[in-house]
Amino acid sequence: MRKHPERGGACVQCGECCKKVRITSVTSHIISNHGSLEEAKSYYALRGIRIVEVVQAADRVLLEIDIPCSQLMPDKSCGLHGTPDKKPLICHKYPWFKDDVESCGYTFE
Ligand code: SF4
Ligand code: SF4
């Protein structure tokens, strides 16, 4: 299991991480259905779905789609902020590794 690095900084409410959804899938199932990851990539690309990470050892693929969260407000705030029982767990945890969002206010050792 990967060790989580030390996180510093804070959310600057840029809203970038709320503009797309990421879904974890199983590499072997994808290859079984599509023949290869490259075939799956071509198929997904026609619908705007990207494969952004492949972890062979864990048989895991990370898919990304540009679908903004319905709770992302025009001022980039979260409509569920302050309601921990409604806000998804993953939103509380994000980010736990350095991600590709340049405007993110979090830093990692
Ligand atoms: S629930 Fe809030 S923090 Fe989570 S993705 Fe939606 S807008 Fe962002
Ligand atoms: S990308 Fe980082 S700074 Fe921007 S909203 Fe998400 S957690 Fe906050």
remark   = Flagged in region 59-109 as under 23 Å from GLU6 (Cβ atoms) and small (Gly, Ala, Ser), in numbering order, are SER103, GLY105
key: When residues of region 1-50 are limited to those that are surrounded by 14 or more Cβ atoms within 10 Å (Cβ to Cβ) and of a type in the set (Val, Ile, Thr), the one nearest to LEU63 (Cα to Cα)   = ILE49
remark   = Counting only strands (runs of 3 or more DSSP E) wholly inside region 16-109, the ones holding at least 1 residues that are within 11 Å of the chain's Cα centre (by Cα) and within 16 Å of ligand 2 (Cβ to nearest atom) are 21-26, 49-55, 60-65
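Quick note: the coordinates plus some simple rules give every number you see, no bench work behind them. Fair warning: this is a prediction, and the values are worked out from it, not measured in the lab. A quick note on method: Cβ atoms are made from the backbone with ideal geometry, for glycine too, and the neighbour counts reach across all protein chains shown.
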